[in-house]
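Engineer: My questions will all concern the structure given below.
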Amino acid sequence: MGVLLLNVRKILRRTAIATASAAAFLGLSAFALDRLDKAFPPPLPEKLAVSKEVADRDGVLLRAFAAPDGRWRLATSVDQVDPQFVRMLVAYEDKRFFDHPGVDAFALLRAAGQLAGRGRIVSGGSTLSMQLARLMEPRESRSIAAKLRQIVRAVQIERRLSKTDILERYLTLAPYGGNLEGVRAASLAYFGKEPKRLTLSEAALLVALPQLPERRRPDRNPGIALAARDRVLARMVDSGLIEPREAERAALEEVPATRLALPALAPHAAEAALRSNPDADLHALTIRAGVQSGLEAVASAAARRLGPRVSVAMVLADAVTGDILGEVGSAGYFDAARSGWIDMTRVPRSPGSTLKPFIYGLGFEQGLVAQETIMEDRPSDFHGYRPKNFDLGYQGDVSVRQALQLSLNVPAVQILDGVGPARLTARFRQAGVTPLLPANEAPGLAIGLGGVGLTLKDLVQLYTGLANEGRAKLLRDGTEKTPPEPLENGTLLSGEAAWQVTDILSGVRPPLGAMQRGIAYKTGTSYGYRDAWSVGYDGRYVLGVWVGRADSGSVPGIAGYDSAAPILFEGFARSGLAAVPLRRPPAGSFRPTRQQLPVTLQRFMPADRMPQAAGVVEPAPRIVFPPEGARVELQPEAAPLVLKLQGGRAPFRWLANGKPLAEVVRRRETSWVPDGAGYATLTVIDAAGRAASVKVFVE
């Protein structure tokens, strides 16, 4: 009898709680609510403490960081969630959500009646607004006072937030087990995808979890989670929201048995983005998630093949826009043996032979050489500097094309000696790249073989000039504190010279086992086997690869062609980007045979071996008209433009955009008929092989 009386008292007490709660809500006047709002405002911060997110160019999550309290809490908007999930959530939790003012009096009275009739809680009567109030202000106990407080807070919330805002806060804060909060974190952790495209089974499970998140965790209690999901499906059938056959098919799916890690792509770029703007919750990068994922997989696999302390860095950029689509700072961010936390895309290192294409490009631009010009690859002394080839052997007579494809050192230094190291570094600065030179030292011939400091990003930026008709693009990935200023000029080489270099590099054979992709590429190895490089490009994209140790230690046996080039080709293949054909040659550009070359271009003669008349030293040739940078009006009816020079030794050979004019002349004045509007490079070569060039714009 005593037990019966005790149960009756419990039932009456619970009924009183529910009835009192409903009555309290109905009895609140607008005046009282206004006074209450002012005296006890609800804990509704304008900005929730959520996880920091780094997204790609299309909004795809690259990486998330736990909130300050250690929770995975991703900000969620209604349009980021499958509409079917939202409909199921409202139907299951609060079917009159869009009609009530925060508290559903009918649901409370129904819950009170069920409690009185059955002696246990059948349905709670809490609305989504009340649940949000509990999430933002957790209750300490299940008492009448706590319930009343929750009701009042729900009404206050409704007076401040729209229904959409309430839904979004619930979707962000709802518990899903462990340190997962919000439907996005749960969907990513349990299904490995955003909640925008949930299946019916997945949506039902995510509706069920917040009621008992720990007990229903699918990774720990799959049976309980399965039963809870099926109850949601049954309720949806009863409410008419889904068809019975849909529910039957959904019930056949298993619930996930493991919890997945949240996306963690582009860790170095993500960290840089947070440092650049620590207050922002969302950081948008130019990176493309699919490209990034492919490059990281390639770098990780390659590093495992190369050795335990070897790392790999990669940068893939759009040569037209300058956007970085993928960047891998190391082969493993958490790999201590490889110092994976160091972003090797930003560390200056010796670039080896990767700068040679720009040396030859200047040689083409200034008319010093053509592809079939013969050069001597033999031991040489350049004022005390004696470069040697990588294999310590020499090839004798080779064409310029062969010299660049074989990456011979002596011919490259000969041309650099002719064009001048200062001019080369000036072009680099014009392309937005400042080489790192020893303190208080002027550029020397050694820079042609890697005697200068450049980062991988610097190299890729320079190579955008080769892929983009001579005009380099400033790279950006979205981590910059301020948007980078566009390059004032950006011209690295003339379009004609860039095409000549590309034509040569596209003929370099791929590494063993690599598929031909139609790219132009160059490799390099720094002194002491510390760095191996490979940079390649097609008609749109540039990919750079670095291999080495972050501590600058030597890695015996690594080389650009054997170690970095295979990664380059695999990176292009795994990037998911469609190959873009290389640029077509500019108008008037061609590759003359050796027989078509003028005598001054048939063999390159170093300056220190030029014959000189006894006691006579002529000054080098200099074009005095048109001057550098002049704008020349295109004359009607193809009227010729007069070209004038001073100095030099006759006879003279003139070239326009690398193409020789009709004949060799002895006078210091000749004429030229432009073949169209646009930039043009005029070059004159004297009998001693010395050259001078100017760039003009024909309009």
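Engineer: Tell me, which residue of the range 372-390 that is assigned to a strand (DSSP E or B) and at pLDDT 90 or above is nearest to residue 655 (Cα to Cα)?
Structural biologist: The extreme case among them is 374.
Engineer: A follow-up question, please. Can you confirm whether the range 358-369 contains a residue that is within 25 Å of residue 579 (Cβ to Cβ), of a type in the set (S, T, N, Q) and crowded, with 24+ Cβ neighbours inside 10 Å?
Structural biologist: no
Engineer: Here is a check on your reading of the model: is residue 322 over 19 Å from residue 466 (Cα atoms) and in contact (Cβ under 8 Å) with a residue 24 or more places away in the chain?
Structural biologist: no
Engineer: Please count how many residues of the range 264-289 are assigned to a loop (DSSP other than H, G, I, E, B) and not acidic (Asp, Glu).
Structural biologist: 9
Engineer: Is it true that some residue in the range 310-326 is over 26 Å from residue 437 (Cα atoms), surrounded by fewer than 24 Cβ atoms within 10 Å (Cβ to Cβ) and small (Gly, Ala, Ser)?
Structural biologist: Within the range 310-326 (the criterion being over 26 Å from residue 437 (Cα atoms), surrounded by fewer than 24 Cβ atoms within 10 Å (Cβ to Cβ) and small (Gly, Ala, Ser)), the answer is no, since none of the residues qualifies.
Engineer: While we're here: Kindly establish whether residue 577 is in contact (Cβ under 8 Å) with a residue 60 or more places away in the chain, more than 22 Å from residue 389 (Cα to Cα) and crowded, with 18+ Cβ neighbours inside 10 Å.
Structural biologist: Against the criterion (in contact (Cβ under 8 Å) with a residue 60 or more places away in the chain, more than 22 Å from residue 389 (Cα to Cα) and crowded, with 18+ Cβ neighbours inside 10 Å), residue 577 qualifies.
Engineer: Condition (residue is of a type in the set (A, V, I, L, M, F, W, C), in a helix (DSSP H, G or I), at pLDDT 75 or above and assigned by TED's automatic domain parsing to the domain that holds residue 168) applied to the range 91-100: is it met by at least one residue?
Structural biologist: So far as the range 91-100 goes, yes, one or more of its residues are of a type in the set (A, V, I, L, M, F, W, C), in a helix (DSSP H, G or I), at pLDDT 75 or above and assigned by TED's automatic domain parsing to the domain that holds residue 168.
Engineer: Follow-up. Kindly indicate which of 312, 320, 369 is modelled with pLDDT of 95 or more, in contact with a Gly (Cβ under 9 Å, 6 or more places away or on another chain) and closer than 27 Å to residue 501 by Cβ.
Structural biologist: Just one listed residue meets the conditions, 312.
Engineer: Could I ask something else about it? Any idea which of 615, 658, 676 is modelled with pLDDT under 80 and more than 50 Å from the chain's Cα centre (by Cα)?
Structural biologist: It is 615.
Engineer: Looking at (1) charged (D, E, K, R); (2) surrounded by fewer than 21 Cβ atoms within 10 Å (Cβ to Cβ); (3) part of a loop (DSSP other than H, G, I, E, B), find the lone condition where residue 503 falls short.
Structural biologist: Result: residue 503 fails condition (3) only.
Engineer: Shifting gears a bit: Can you tell me which residues in the range 550-575 are part of a helix (DSSP H, G or I), over 21 Å from residue 530 (Cα atoms) and touching a helix residue (DSSP H, G or I) at 6+ places or on another chain (Cβ under 8 Å)?
Structural biologist: Correct list: 570, 571, 574.
Engineer: Between residues in the range 117-140 that are buried (at least 21 other Cβ atoms within 10 Å of the Cβ) and residues that are at pLDDT 70 or above and of a type in the set (S, T, N, Q), which pairs lie under 6 Å by C-beta distance while being six or more apart or on different chains?
Structural biologist: 130/150; 133/150
Engineer: Here are 320, 310, 298, 315: which of them is β-branched (Val, Ile, Thr) and under 11 Å from the mean Cα position of the chain (by Cα)?
Structural biologist: Within the list 320, 310, 298, 315, the selection yields 315.
Engineer: Let me ask another. Among the numbered criteria (1) over 30 Å from residue 297 (Cα atoms); (2) surrounded by 17 or more Cβ atoms within 10 Å (Cβ to Cβ), which one does residue 253 miss?
Structural biologist: Among (1) over 30 Å from residue 297 (Cα atoms); (2) surrounded by 17 or more Cβ atoms within 10 Å (Cβ to Cβ), the lone unmet condition for residue 253 is (2).
Engineer: If you don't mind, there's one more thing I want to ask. When you look at residue 479, is it touching a Gly at 6+ places or on another chain (Cβ under 9 Å) and of a type outside the set (A, V, I, L, M, F, W, C), yes or no?
Structural biologist: So residue 479 fails the test.
Engineer: Take residue 199 and decide whether it is over 18 Å from residue 257 (Cα atoms), modelled with pLDDT of 95 or more, surrounded by fewer than 23 Cβ atoms within 10 Å (Cβ to Cβ) and hydroxyl-bearing (Ser, Thr, Tyr).
Structural biologist: No: the conditions fail for residue 199.
Engineer: Taking the options 330, 300, name whichever one is of a type in the set (Ser, Thr, Tyr) and in a loop (DSSP other than H, G, I, E, B).
Structural biologist: Every option except 330 fails the conditions.
The values are calculated or read from the model by the stated rules, or taken from the named source; none is laboratory data. If you're wondering where the values come from, they're calculated on a predicted model, not measured in any experiment. So basically every Cβ, Gly included, is an ideal-geometry build from the backbone, and we count neighbours across all protein chains shown.
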